[in-house]
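Working notes, structure below.
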Amino acid sequence: MEYIKSKIRDVYDFPKKGIVFKDLTTVFKDPRALHIIGWDLSQLYRDKGVTKVVGIESRGFIGGSILAFELGAGFVPVRKPGKLPADTLTASYDKEYGKDVIEIHRDAITEDDIVVIHDDVLATGGTMAAAVELVKRMNPRKIYVNFIIELSALEGRKLLPADVEVTSLIKY
Ligand code: AMP
């Protein structure tokens, strides 16, 4: 884990002043770090019977795909509005200024699925809370939530429902 931490790049004042952006591109471009991420994420869910990994656009697509591949599960994208071609379910959530919307294909998850929803970073939790709401509407057997990085001070976990198990590889 120290190796992965050493590869995370802190970018100050991105995307705006006062934010320290946890840049994972410097982790993903490093073959050893990428391998460790895939292994460590999958170890969290080895015995859980996971059938689908949902990745949140766009940084959640990278770790989500790797996790799905490692677990032998399918991959499902959650995307910004208007990007998914077939019938979708939509959820909106509050951002600092106004609302944001995410979508998932209506037929992406079934009641037999055991789902991990993955994103790269847990900040305020708004994005993941909306993603959980979307997946819940398809009534899978179980929902897990996973992040590579959790920014604990922002208390994003508090926005997530108590009945989903939340894991993160690295906490700040
Ligand atoms: P949240 O506030 O939890 O809804 O986060 C919104 C999205 O922005 C998530 O997909 C995070 O990946 C990303 N994000 C928020 N804050 C940061 C940060 N400090 N560093 C990197 N990504 C961030």
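Read through the list (1) of a type outside the set (S, T, N, Q); (2) more than 17 Å from SER42 (Cβ to Cβ); (3) assigned to a strand (DSSP E or B), then give the number of the only condition that MET138 fails.
It fails just one condition, (3).
When you go through ILE148, ILE109, ILE66 one by one, which is the residue that is of a type in the set (A, V, I, L, M), within 15 Å of the ligand (Cβ to nearest atom) and crowded, with 20+ Cβ neighbours inside 10 Å?
ILE148
Please state which one of GLY98, GLY82 is at pLDDT below 95 and more than 13 Å from the ligand (Cβ to nearest atom).
Going through GLY98, GLY82 in turn, just one is at pLDDT below 95 and more than 13 Å from the ligand (Cβ to nearest atom): GLY98.
Those residues that are surrounded by 11 or more Cβ atoms within 10 Å (Cβ to Cβ) and either under 21 Å from ALA123 (Cα atoms) or out of contact with any helix residue (DSSP H, G or I) (no Cβ under 8 Å at 6 or more places or on another chain) (or both), I need them from segment 20-38; list them, please.
Hits for segment 20-38 are VAL20, PHE21, LYS22, ASP23, LEU24, THR25, THR26, VAL27, PHE28, HIS35, ILE37.
Mind listing just one residue for me: the one in segment 39-63 that is more than 14 Å from the chain's Cα centre (by Cα) and without any contact (Cβ under 8 Å) to a residue 60 or more places away in the chain and, of those, surrounded by the fewest Cβ atoms within 10 Å (Cβ to Cβ)?
ASP47
With the condition kept exactly as written, say whether any residue in segment 12-19 is surrounded by 13 or more Cβ atoms within 10 Å (Cβ to Cβ) and modelled with pLDDT of 95 or more.
Scanning segment 12-19, I find no residue that is surrounded by 13 or more Cβ atoms within 10 Å (Cβ to Cβ) and modelled with pLDDT of 95 or more, so the answer is no.
Select from segment 1-11 the residues that are free of Cβ contacts under 8 Å to residues at least 40 places away in the same chain and surrounded by 12 or more Cβ atoms within 10 Å (Cβ to Cβ) and write down the one among them that is nearest to the ligand (Cβ to nearest atom).
Applying the filter and picking the extreme gives VAL11.
Per-residue answers, yes or no, for (1) at positive phi; (2) small (Gly, Ala, Ser); (3) without any contact (Cβ under 8 Å) to a residue 24 or more places away in the chain; (4) buried (at least 18 other Cβ atoms within 10 Å of the Cβ):
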| position | (1), (2), (3), (4) |
| --- | --- |
| PRO85 | no, no, yes, no |
| SER92 | no, yes, no, no |
| LYS99 | no, no, yes, no |
| GLU103 | no, no, no, yes |
| VAL115 | no, no, no, yes |
| VAL121 | no, no, no, yes |
| THR124 | no, no, no, no |
| THR127 | no, no, no, yes |
| ASN139 | yes, no, no, no |
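Report whether or not VAL135 is within 16 Å of the ligand (Cβ to nearest atom), farther than 25 Å from ALA33 by Cα, surrounded by 22 or more Cβ atoms within 10 Å (Cβ to Cβ) and β-branched (Val, Ile, Thr).
yes
The values are calculated or read from the model by the stated rules, or taken from the named source; none is laboratory data. Remember, it's a predicted structure, so these values are computed and weren't measured experimentally. FYI the Cβ positions are ideal-geometry reconstructions off the backbone, even for glycines, and counts take in every protein chain you see.
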